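Take a look at the structure set out below.
The values are calculated or read from the model by the stated rules, or taken from the named source; none is laboratory data. As the structure is a computational prediction, the values presented were derived from the model and not from experiment. Methodologically, a virtual Cβ is constructed for each residue, glycine included, from the backbone with ideal geometry; neighbour enumeration extends over all protein chains shown.
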Amino acid sequence: MNNASDFSSEEGLWIMRAIRNLAFGREGSQLLELAIVLPLLAAMIVGIFDFGEAYNLKQKLNNTAREAARFAAGQNSMSGLNDSDVAAIVQVVNSYLQSAGLTQCTFGAPTKATFVYTSTATGTGCGSASLVIDRVFHINAGTAGTKVTLVYPFTWRVGNVMRLLLPSSTLTLPTTLSTDAIMQNLN
């Protein structure tokens, strides 16, 4: 190292060796593997949590629809439900959802169309949430039941993670979860 040119060439050689060791050495390969696997692992973990939450919400909605159908099947007669019966059924749905921790949407007074009562939800993000009570659902010949259909919003986070990893991703998942329950009318 007698002059400046010797120093810069040795320094350049040292930098080239460091880069080669980082790229092709054991430490470099582990870093590269981590860089490749970490985003995929993050997407998979978020997906697992999302599907777990969706499954949990679906079970809560199943229980709510079943309880509402059970309650509705014992109300009044085949001539229809009166306003207080319908209000009581909607109250069963709202109470069950609230006790399940689902306070995002609340269902109001339904509209009636020949034994079918439809209620839309109020609340933030509840645009397509609905409750439908079909009082004369035909189970089989001569047997009528009450069918309660419940649609509730769900927001997936895995789509956002996928768009971070792949900006051109067009992953679309359903924005609502729905369920229904049918019970034979008792009256």
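The figures follow:
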{"item": "Count of the stretch 81-132 residues which are touching a residue at least 24 places away in the same chain (Cβ under 8 Å) and either more than 23 Å from the chain's Cα centre (by Cα) or more than 24 Å from GLN59 (Cβ to Cβ) (or both)", "result": "7"}
{"item": "Test: residue in the stretch 158-168 that is of a type in the set (A, V, I, L, M, F, W, C), touching a helix residue (DSSP H, G or I) at 6+ places or on another chain (Cβ under 9 Å), over 18 Å from ILE45 (Cα atoms) and in contact (Cβ under 8 Å) with a residue 24 or more places away in the chain", "result": "no"}
{"item": "Residue that is loosely packed, with under 12 Cβ neighbours inside 10 Å, of a type outside the set (Lys, Arg) and modelled with pLDDT of 90 or more, where the choices are LEU34, LEU41", "result": "LEU41"}
{"item": "Residue in the stretch 44-53 that is acidic (Asp, Glu), under 27 Å from LEU165 (Cβ atoms) and at pLDDT 90 or above present", "result": "yes"}
{"item": "The stretch 165-187 - residue that is surrounded by 16 or more Cβ atoms within 10 Å (Cβ to Cβ) and among the aliphatic types (A, V, I, L, M) and, of those, farthest from GLU67 (Cα to Cα)", "result": "LEU177"}
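Yes or no, residue by residue, for (1) within 17 Å of PHE71 (Cβ to Cβ); (2) at pLDDT 85 or above; (3) surrounded by 14 or more Cβ atoms within 10 Å (Cβ to Cβ):
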{"residue": "THR106", "(1), (2), (3)": "no, yes, yes"}
{"residue": "ALA113", "(1), (2), (3)": "no, yes, no"}
{"residue": "GLY127", "(1), (2), (3)": "no, no, no"}
{"residue": "SER130", "(1), (2), (3)": "no, yes, yes"}
{"residue": "ILE133", "(1), (2), (3)": "yes, yes, yes"}
{"residue": "ALA141", "(1), (2), (3)": "no, no, no"}
{"residue": "THR146", "(1), (2), (3)": "yes, yes, yes"}
